[in-house]
Amino acid sequence: VDLIVGLSGQEWIVNSGTPGVGGSPISPTNLNAQQQSAWGSSETVSGMVIGDAIFYPQRNGTTIRQLLFSIATQKYMSADLMTLAQHLSQSGIKCMDFEAQFENQGIVWIVNGVGQLCGMTYEIEQEVFGWHRHLTGEDVVSGYTSTDTFECVSVIPGTGTTDDEVWVVVSRQVY
């Protein structure tokens, strides 16, 4: 079993060095640490396990990376998931959560630095992911736009076959 450690300058795998399932535990005399990438991890927003991958905000706070084991290199590789959507996170990433069950697909949710809720529909088996942005405080009929902003997002697991629930904190401007 591997322990994944995200530091400000690198990502490391720490284990006992004993291969196989149920290998010996990590101890002061049985320790193996190997650097996997050198992107650095955010100090303020935690990463999370999604399926067989680790998702984490990069040290710069504007990029989400996916850490996934590669058979070709025999180590964990870190891919940039914001390549085609950098405009959504240029203002930074304030918080992040994962909705595992929504109509048979998963969605990674972030709140960016300007208070927009952004989601990435994610299906690794099909190699599909796509970003979308959600605003609050808009009235399409009247054309009214406010300065309301999202502050944070959290996901509550659904029960049985029920979709997960996405909860947000919104800062409303009173006029």
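Among the residues of region 150-175, how many are in a loop (DSSP other than H, G, I, E, B), out of contact with any Pro (no Cβ under 8 Å at 6 or more places or on another chain) and of a type outside the set (A, V, I, L, M)?
Taking region 150-175 and keeping what is in a loop (DSSP other than H, G, I, E, B), we get 157-164, 172-175.
The next check asks that each one be out of contact with any Pro (no Cβ under 8 Å at 6 or more places or on another chain); those that pass are 157-163, 172-175.
Adding the requirement that they be of a type outside the set (A, V, I, L, M) leaves 157-163, 172-173, 175.
Count: 10.
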Q) List pairs: first in region 100-123 and touching a residue at least 24 places away in the same chain (Cβ under 8 Å) and assigned to a strand (DSSP E or B), second open to solvent by 40 Å² or more (accessible area, probe 1.4 Å) and small (Gly, Ala, Ser), Cβ under 7 Å, 6+ apart or cross-chain? A) Gly106/Ala100; Asn112/Ser91
**Q.** strands (runs of 3 or more DSSP E) fully within region 16-95 counting 3 or more residues that are loosely packed, with under 15 Cβ neighbours inside 10 Å
**A.** 32-37, 75-80
Q. Going by the structure shown, is Thr147 assigned to a loop (DSSP other than H, G, I, E, B), farther than 30 Å from Ser70 by Cβ, open to solvent by 60 Å² or more (accessible area, probe 1.4 Å) and modelled with pLDDT of 85 or more?
A. no
Q. Of the residues that make up region 117-126, is at least one loosely packed, with under 12 Cβ neighbours inside 10 Å and more than 23 Å from Trp39 (Cβ to Cβ)?
A. yes
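Pick from region 1-15 the residues that are open to solvent by less than 40 Å² (accessible area, probe 1.4 Å) and touching a residue at least 40 places away in the same chain (Cβ under 8 Å): which of them is nearest to Tyr122 (Cα to Cα)?
Glu11
The values are calculated or read from the model by the stated rules, or taken from the named source; none is laboratory data. Predicted model only: the values in this text are computed from it and were never measured. Here the Cβ is made from the backbone with ideal geometry for all residues, glycine too, and neighbour counts use every protein chain on show. These accessible areas exclude ligands, DNA and RNA; they are computed on the full protein's heavy atoms, side chains included. Shrake-Rupley method; radii C 1.70, N 1.55, O 1.52, S 1.80 Å.
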